[in-house]
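**Student:** Input: one structure, supplied below.
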Amino acid sequence: MPQGSSTSPGNGSKPRHPLPLPKGIADMQTFTPDSSVVSDVVPSPNYGDRAGGRAPDMIVLHYTGMPDAEGALARLCTVGTDVSAHYVVLEDGRIVQCVPEGKRAWHAGASSWSGEKDINSCSIGIEIVNRGHDWGYPDFPLRQIAAVIALCRGIMLRRNIVPQRVLGHSDVAPSRKQDPGEKFPWASLANSGVGHWVFPAPVVPGEVLKSGATGDDVRALQEALRRYGYGIEVSGTYDAPTVEVVTAFQRHFRPAKVDGIADRSTLTTLQALLAALPAETAAR
């Protein structure tokens, strides 16, 4: 596939805008895409080898968080930015591959999940073009989500990735990130076999755990979040890191109310997720 190539529209289809190619990629060596759903290859220089030859067993979903796709691709594919992703999914559903799956892209940063710290070495990073919270945070177009689902399903099949290892950036880096955010339709992905999900418990009035609380109930919450995979210390104190992790959990699994307060809905949804994990995972 030629570098930066685009499929031409067929009869009756809407014309697509030219791919916004970053400057300075003309001399970059292209590669054969790993997925048949990739429409364009825009190689990034920002990658390395996976530590210890680790095979990826996780997918991390991001939003680009920039005003437009042009700026996002430029950042991901420019020397010196120290950031990249394996794939970028445009709003019109086109999928761009920037780093081969076998290589370690620089998308997760300081992060952790289930005790692992080098998330870049064990994951495939997918950037979804969306302006994000700082730029108005629009809804994700349906054709874009359909493309994300198709891409993820193929990766999961090829790499034998289990649904509970499809995560958001905010899950693995709750103190720093909030993407892909509470508008991302995780339920739609799960209906297609992508990601782990239970229907969230309804938000109802009642007792809550919040910042400053201490005791066994807080400890049990922290232990449950840690058992699911979140990087959280079990201290028995509802401190700032606990607020951050609960907020990340809500963005992903209980998006109706994202406030960092562990109400009954949050606690019930967390327990349902743990109960729905495969036995070998829940026993870890």
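**Student:** What is the Å³ per residue value for the convex hull set by the Cα atoms of the stretch 133-175?
**Tutor:** Expressed per residue, the convex hull around the Cα atoms of the stretch 133-175 is 88 Å³.
**Student:** Taking a ≥ b ≥ c as the square roots of the Cα gyration tensor eigenvalues, with a/c under 1.5 meaning rounded and otherwise prolate when a/b beats b/c, else oblate, which class fits the stretch 109-158?
**Tutor:** oblate
**Student:** How far is it, in nm, from the label point at Asp259 to the one at Ala240 when both lie 7 Å from their Cα along the line to the Cβ?
**Tutor:** Computed distance between label sites Asp259 and Ala240 equals 2.2 nm.
**Student:** Relative contact order for the stretch 127-201 using alpha-carbon pairs under 8 Å, separation at least 6, rounded to a whole percent?
**Tutor:** Value for the stretch 127-201: 32 percent.
**Student:** Also: Run the numbers on the chain and let me know its relative contact order in percent, using alpha-carbon pairs under 8 Å that are six or more apart.
**Tutor:** Taking the mean separation of contacting Cα pairs over the length of the chain, I get 16 percent.
**Student:** Let me ask something else. Give the carbon-plus-sulfur fraction of the accessible surface of the chain in %, rounded to a whole number; probe 1.4 Å, heavy atoms of protein chains only.
**Tutor:** Its accessible area is 52 percent carbon and sulfur atoms.
**Student:** Okay, moving on. Quick check: pseudo-label points 7 Å beyond the Cα along Cα→Cβ at Ala272 and Leu142, how many nm apart are they?
**Tutor:** The two pseudo-label positions are separated by 2.5 nm.
**Student:** Percent relative contact order of the stretch 201-261, based on C-alpha pairs within less than 8 angstrom and at least six residues apart?
**Tutor:** 34 percent
**Student:** Beta carbons within 10 angstrom, averaged per residue: use that to sort the peptides 139-148, 52-61, highest first.
**Tutor:** 52-61, 139-148
**Student:** Grab the chain and count how many Lys pairs have their alpha-carbon atoms under 25 Å apart, sequence gap of 8 or more, or different chains.
**Tutor:** Number of lysine pairs found: 9.
**Student:** To continue, here is another question. With each label point set 7 Å from Cα along the Cα-Cβ vector, what nm distance links Leu157 and Thr32?
**Tutor:** If labels sit at Leu157 and Thr32, their model points lie 1.8 nm apart.
**Student:** Listed highest first by mean packing, meaning other Cβ atoms within 10 Å per residue, what order do 62-75, 199-212 come in?
**Tutor:** 62-75, 199-212
**Student:** Rg and Dmax of the stretch 112-245, Cα atoms, in Å?
**Tutor:** 16.4, 47
**Student:** Let me ask something additional. Hey, quick one: spin label on Thr214, modelled 7 Å out along Cα-Cβ, who in the stretch 222-255 has an amide N within reach, i.e. under 12 Å?
**Tutor:** 236-239
**Student:** Measuring with a 1.4 Å probe in the full set of protein chains, what accessible area per residue, in whole Å², belongs to the chain?
**Tutor:** 46 Å²
**Student:** Can you give me the long-range amide H partners of Ala213? Hydrogens built in the peptide plane at 1.01 Å from N, cutoff under 5 Å, separation of 5 or more residues or another chain.
**Tutor:** Placed amide hydrogens put Tyr238 under 5 Å from Ala213.
**Student:** For a quick check: with amide H placed at 1.01 Å from N, whose amide H comes under 5 Å from Gly168's, ignoring anything fewer than 5 positions away on the same chain?
**Tutor:** Leu61
**Student:** How are the C-alpha pair distances of the stretch 68-110 spread across 5 Å bins, as whole percents from the shortest bin up?
**Tutor:** 5, 23, 31, 26, 12, 3, 0
The values are calculated or read from the model by the stated rules, or taken from the named source; none is laboratory data. Worth saying up front: this structure is predicted, and the values here are computed from it rather than measured. Note that we place each Cβ from the backbone using ideal geometry, even for glycine, and neighbour counts take in every protein chain shown. Side chains included, ligands, DNA and RNA excluded: accessible areas come from the protein's heavy atoms. Shrake-Rupley method; radii C 1.70, N 1.55, O 1.52, S 1.80 Å.
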